[in-house]
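The structure under discussion appears below in the form of C-alpha cells.
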Amino acid sequence: MTPTLTIFLILSAALFCIGLLAALSRRHAIFILIGIDLMLAAANVNFVAFWRFSPEPAQPTGVIVAIFSIAIAAAEAAVGLALVIAVYRHYRTTNVDKLNQLKG
Amino acid sequence: MSSWIVTYLWLIPAVPLAASLVILMLANSRRTASAALAIFGQVVALTMAVAAFLPTLQTPGYRAFHNFTWFTFGEQTLRIGWVIDPLAAAMLVMITLVGLCIFVFSIGYMAKDKNFTRFFAYLSFFSAAMLGVVIANSLLLLFVCWELVGLASYLLIGFWIHKPSAAAAAKKAFITTRIGDIGFFLGILWLYGRSGTLLFYDHGNGCLENAGLLLVGASATFIALLIFCGAAGKSGQFPLHVWLPDAMEGPTPVSALIHAATMVAAGVFLVARVYPLFSLGAIDGVTPSLTVVVWIGVVTALMAALIALAQADIKRILAYSTVSQLGLMMVSLGVGGVAAGIMHLLAHGFFKALLFLGSGSVIHGCHEEQDIRNMGGLRRLMPVTFLTYAIGMMTLSGVPLFFSGAWTKEEILHATAHWPKSSVPYYLMLAGVVLTALYMTRQMIYVFFGDKRAASEHAHESPRVMTMPLIVLAVCAIVFSIALTPAWPWLHGYLSGEPAHFEIGQLIQPMLFLSLALVAGGIGLGVLFYRKAGATDPLAQAQPAIFRFLENKMWLDEFYARTVLAFAHFAARFSDVMDRYFWDSLVRALAGVGQLFGILSSHFDERGINSGVDGATTGARGLGRFIAARHSGQIQTYLRAAGVGALALLILYAWLA
Amino acid sequence: MSAAAFIVIAIFTLAGAIAAATMPRLIHAALSLVLAFIGIAAFYFLLGAEFVGLVQIFVYVGAVAVLIVFTILLTRRGQEDTRGFSWGGVVVAIAVFCGLVWAILHTRVSDAAPQIDPLTVKRIGEVLMTNYVWPLQCVGLLLTAALIGALILVAEEKR
C-alpha cells in the first residue's frame, strides 16, 4: 500500500489541530506562536500533497505556493516574536491571560 | 583487510564527538567521569588511528577511499567520503597522540576550574572536528569540519569568558579566520563549477586526479590562491596572523592543542592535500600560486621571528614562534618540498606541544604569572619542567643530531636552496634559523637561569599528571628523529611513496655544518647578549626604537584599526547620515503631503457628514455596550469562539448538502 | 512512496508536534517543534519536493526555531511558570479535527499519484522568475518590511 492523498490530508488536518490546540490552550505567548507555525506548516503539507496528486504535476504551482508560504511564515515568526519581546518589556509578562488590553 | 578499515574510518572522529556530547550532558560536578570519558575517547581514536596507519606501511604510495552519496538534489548528486593515505595516516597518529598527552595534562592544569567538564567536552569536540578534517575525501566535508574546528577554537579561546580580553580574543580569532574562509569557500564553489565534483579521489574522476584537473585547467591558479586564503587564515600567515598571538588568552592546554599542534597545522595540511591544484601546469616546479605561497611564508617566518625577540609574555613568544614555524612549512610546500613540510609539521606538533605544556607548567608553578621578566632561576625549583623545556627549545632551534626539529629543518633548507626561481628565500630562511635560536635562548635565560625574581619566589614543581605528558612528548621529540635522518629517510619515503634505504654515510651532509654553525651562532649570541639581562631588555637598551617597533608587533594591529576598521566605521557613518538626512527628508516631504490631505478631509468631515451620523451613533452605542460585556480581552477566548464558529459553518454546510 | 517510511515519519512528526504543544517547559516544546518540522520536511522529500523540504529545514529549523529559542531566553527573567493550560481549547481542537476528517472523507479526490519527472531546482527557478515574478517581489518587500518592523519593535527606546 502506498500512502494516498486522503492519508496526507488527514495527517495535515491532525497537525493543524495540534497547532490549534497549542494556540487555544496554552497561556504563554510563545506557545501561541508555535501553534500558528504548526498550522502554517500543516497547510503547506496540503499544498505539496495536492500538487503531487494533481493530474498535471508538470506545473509546480503547489510547490511555489508552499515556498511563498514558508517565506511568509518566516516573516510572521520574526514579527510575532519581536512582538512577544516588546510586550514582555512593557508588561513584564508573557502570560496571555494577563494581557487583556483588547478589552475596551 | 584494508578495505574494511577505510569503511569504518569515520569512527575515528565519531568516537571523540560522541564522548563530547555525553560529557556536555553530564552535570558540572561529574569531573572524574568527564575527564575519563574524554581520555577514553581519545585512546580509542588513537588505537583506531594506529590500525588505519598500519596498512599504509605495507605498500608505498598506498591510498584507499570510501565514497558515498550524501544526498541527491534534483539532478545533482553530492558525494562525500573519507580517504586514508600516508599524509592522513601520519596526521591522524600525531593528532591523537599529542591530543592524548594534552588531555592528560589538562587534568592537572584545570583542576581548580569550575567549568572542568565543559572544558573536556570542548576539547573532545575539537579533536573530533580536527580528525574529520584529516580524513575528509571531499572538499565540502573538509570545509564543514574546518568550520567546526573554527567553532571549537572560538569556544576554547573564549573559555574564560568572564575575562573581557579572552572574549575579545575569541571574537578576533573567529572573525579573522572567517575572512580567509570566505576566500576558501569561493574557491570551493569555483572548483565545483569547473570540475563538477568536490571529491579528492574518485577512481580517476576526483578533482585532484587527471580527469578533474583537466577540467579545472587554467583557473587552477585562482582556485588554489582562494583556497590558500583559507589556509593562511587558519595557519596564521601574514597578513591574517594577528589572531594567533591574541589567542593565547585561552587556557594553556588549549594553546598547546589548537595553536601549536593541530589546528594551525590544518592550513599547511590543506595546502598539502590539494597540492595537485597548486602545482598544475608547473614549469620546473614553479607556478604562480606556489610562488605566492613561498613569499607569504618567507615574510611570515621572518616577521614573526623578529617580533618574538621583543615579547615578554612566555606564551606570546611561543605563539610568534609558531607563526614563524608555520611560515617555514609554507615555504617548504611552496618550493616543492611537500614531504619536508609535512615532516616538519609532524615534528613541530610534538615539540611545540611540549613547549606550550612546559610553559603551562611554568605558569602553573609561578601562580599564573606569564611575564618572563618576573621569572628566573626556575631550573632548580622545577627540574623536570626545565629539562623537558630545554629539549623542546633545542628541538625548535634545530640543534643537530639528536633532535627531530633539526632534521626536518634541514630538509626544508635543502628544498629551499634548490628553488630555481630565486635564492633570496634561502638566505632569509638561514637568517630565520639564527633568530629562532636567539629568541629561544633569550626565553630560556629569562625563565630558568639567573637570579630568582618576584614570581619565582614561591614556585613549585607541577604534579605528576602534568609532568608525565611533558616527559612523553620530550621522548617523542627525540625518538622521532630516528625516522627523519638522511641516513634512513624513512618518513620522507613514506610520505612521498618511495622506499627508504639505510646508508650511514648519508648522515653527515655539508648542510649539517652550516646549520650547526648558524644554531651555535644564534645560541652563543643569545647567551652573550642576555647573560646579564635585568628588568629591562638588553635589546631595548641598545636599540630602543627597534625594540619598541617589535614589541608593538610592528604596529600591525594599529594599522588594521586605521585602515580596515576605519573604513567599516566610515561606511557605517555614511549610511547613517544618508538615512538620517537624505531619506528622512524625503519621507518627511511625503508625509507633509499626506497631512495636507488629512487636514482638508477632516474639515469636510466635521462640517458635512458629522451631524447626520450623530443620530446613528446613539443607537449603536447601546448595542456596543451589550457586546462589550462579552469581550474579556482574552484573545484565546476569541480564537476559541472562531473555532466554534467555523465548526458551526461546517455543520450547516453538511446539513444543507 | 513506501508505506513504512510514511508511517515512521508520521509517528515521528505527530509525536513531535504533540510534544511541542503540550510540554510544560517552553524550551522542551521548542526543541520538539524542531523535530516536528524535520518530520514535515521528510514528508516533502517523500512527496518528491526536495527543494521545499530543504527550504523547510533552512527556514523553520535554521531560523524560526532559533528565533523562538532566543525569545525564550530573552523573556525568561522574572517569569512565572509556563504551564498554564485550559481544557476548553482541547475540546475545540478535537471537534475541529473531527469536522475536518469528516470533510476529507466526504470529498472525492484522485488517489493515484501520477508518474512525474523529478522537479529540478532549475525548473522552480524558471517558474519563479517568469510566472511568479511579481509575487516574488512582493514577498521580498514583505520580508524587508518584517525585518525592519521586527527591529523597530525590539529596539530599546532611548532615554
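Values for this structure:
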{"read-out": "The listed residue being open to solvent by 10 Å² or more (accessible area, probe 1.4 Å) and at negative phi, out of B:L430, B:L396, B:L355", "value": "B:L430"}
{"read-out": "Residue in segment C:132-142 that is surrounded by 12 or more Cβ atoms within 10 Å (Cβ to Cβ) and in contact with a Gly (Cβ under 7 Å, 6 or more places away or on another chain) present", "value": "no"}
{"read-out": "Segment B:129-152, residues that are under 19 Å from B:A256 (Cα atoms) and either of a type in the set (D, E, K, R) or open to solvent by less than 10 Å² (accessible area, probe 1.4 Å) (or both)", "value": "B:A129, B:M130, B:L131, B:V133, B:V134, B:W146, B:V149, B:G150, B:A152"}
{"read-out": "Exclusive hit being under 26 Å from B:Y638 (Cα atoms), in a helix (DSSP H, G or I), of a type outside the set (F, W, Y) and more than 8 Å from chain A (Cβ to nearest Cβ), set C:A30, C:A19", "value": "C:A19"}
{"read-out": "Residue match in segment C:147-158 (condition: within 22 Å of A:A43 (Cα to Cα) and at pLDDT 85 or above)", "value": "no"}
{"read-out": "Search result, residues across segment C:95-104 that are among the hydrophobic types (A, V, I, L, M, F, W, C) and more than 7 Å from chain A (Cβ to nearest Cβ)", "value": "C:A95, C:C98, C:W102, C:A103"}
{"read-out": "Residue that is most open to solvent (accessible area, probe 1.4 Å) [pool: residues in segment A:63-104 that are within 14 Å of chain B (Cβ to nearest Cβ), of a type in the set (A, V, I, L, M) and more than 22 Å from C:L26 (Cβ to Cβ)]", "value": "A:L102"}
{"read-out": "Subset of segment C:148-159 that is among the aliphatic types (A, V, I, L, M) and within 7 Å of chain A (Cβ to nearest Cβ) - its residue that is surrounded by the most Cβ atoms within 10 Å (Cβ to Cβ)", "value": "C:A150"}
{"read-out": "Unmet requirement for C:I124, which otherwise passes all of (1) open to solvent by 70 Å² or more (accessible area, probe 1.4 Å); (2) at the interface with another protein chain (Cβ under 7 Å from one of its Cβ atoms); (3) modelled with pLDDT under 90", "value": "(1)"}
{"read-out": "Any hit, segment B:412-420, residues being closer than 20 Å to B:A353 by Cα, open to solvent by 10 Å² or more (accessible area, probe 1.4 Å) and touching a Gly at 6+ places or on another chain (Cβ under 7 Å)", "value": "no"}
{"read-out": "Considering residues of segment A:14-62 that are of a type in the set (S, T, N, Q) and free of Cβ contacts under 8 Å to residues at least 12 places away in the same chain only, the residue surrounded by the fewest Cβ atoms within 10 Å (Cβ to Cβ)", "value": "A:Q59"}
{"read-out": "Some residue of segment B:534-543 being modelled with pLDDT of 75 or more and surrounded by 11 or more Cβ atoms within 10 Å (Cβ to Cβ)", "value": "no"}
{"read-out": "Selection from segment B:70-112 of residues that are part of a strand (DSSP E or B) and closer than 23 Å to B:V50 by Cβ", "value": "B:G81, B:W82, B:V83, B:I84"}
{"read-out": "Some residue of segment B:175-182 being among the hydrophobic types (A, V, I, L, M, F, W, C) and assigned to a loop (DSSP other than H, G, I, E, B)", "value": "no"}
{"read-out": "Condition broken by B:G450, with the remaining ones in (1) open to solvent by less than 10 Å² (accessible area, probe 1.4 Å); (2) more than 24 Å from B:G99 (Cα to Cα) satisfied", "value": "(1)"}
{"read-out": "Among residues of segment A:17-50, those that are facing chain C (nearest Cβ under 7 Å), among the hydrophobic types (A, V, I, L, M, F, W, C) and over 17 Å from C:L31 (Cα atoms), counted", "value": "7"}
{"read-out": "Residue within segment C:45-54 that is facing chain A (nearest Cβ under 7 Å), within 15 Å of A:V45 (Cβ to Cβ), touching a Gly at 6+ places or on another chain (Cβ under 6 Å) and crowded, with 20+ Cβ neighbours inside 10 Å present", "value": "no"}
{"read-out": "Some residue of segment B:337-352 being at positive phi and either open to solvent by 10 Å² or more (accessible area, probe 1.4 Å) or free of Cβ contacts under 8 Å to residues at least 60 places away in the same chain (or both)", "value": "no"}
{"read-out": "Residue that is most open to solvent (accessible area, probe 1.4 Å) [pool: residues in segment B:562-579 that are β-branched (V, I, T) and at pLDDT below 75]", "value": "B:V564"}
{"read-out": "Selection within segment C:48-77 - under 30 Å from A:R52 (Cβ atoms) and not in a helix (DSSP H, G or I)", "value": "C:G48, C:A49"}
{"read-out": "Hey, B:A231 touching a Lys or Arg at 6+ places or on another chain (Cβ under 9 Å) and open to solvent by less than 30 Å² (accessible area, probe 1.4 Å) or not", "value": "no"}
{"read-out": "Number of the condition not met by B:A35 [criteria: (1) farther than 18 Å from B:E209 by Cα; (2) more than 27 Å from the chain's Cα centre (by Cα)]", "value": "(2)"}
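The values are calculated or read from the model by the stated rules, or taken from the named source; none is laboratory data. Just so we're clear, the structure is a prediction, and the values are computed from it rather than from any experiment. Glycine also receives a Cβ, built like all others from the backbone with ideal geometry; neighbour counts cover every protein chain displayed. Ligands, DNA and RNA are stripped out before the accessible areas are found, and what is left, the full protein with its side chains, is counted by its heavy atoms. Shrake-Rupley method; radii C 1.70, N 1.55, O 1.52, S 1.80 Å.
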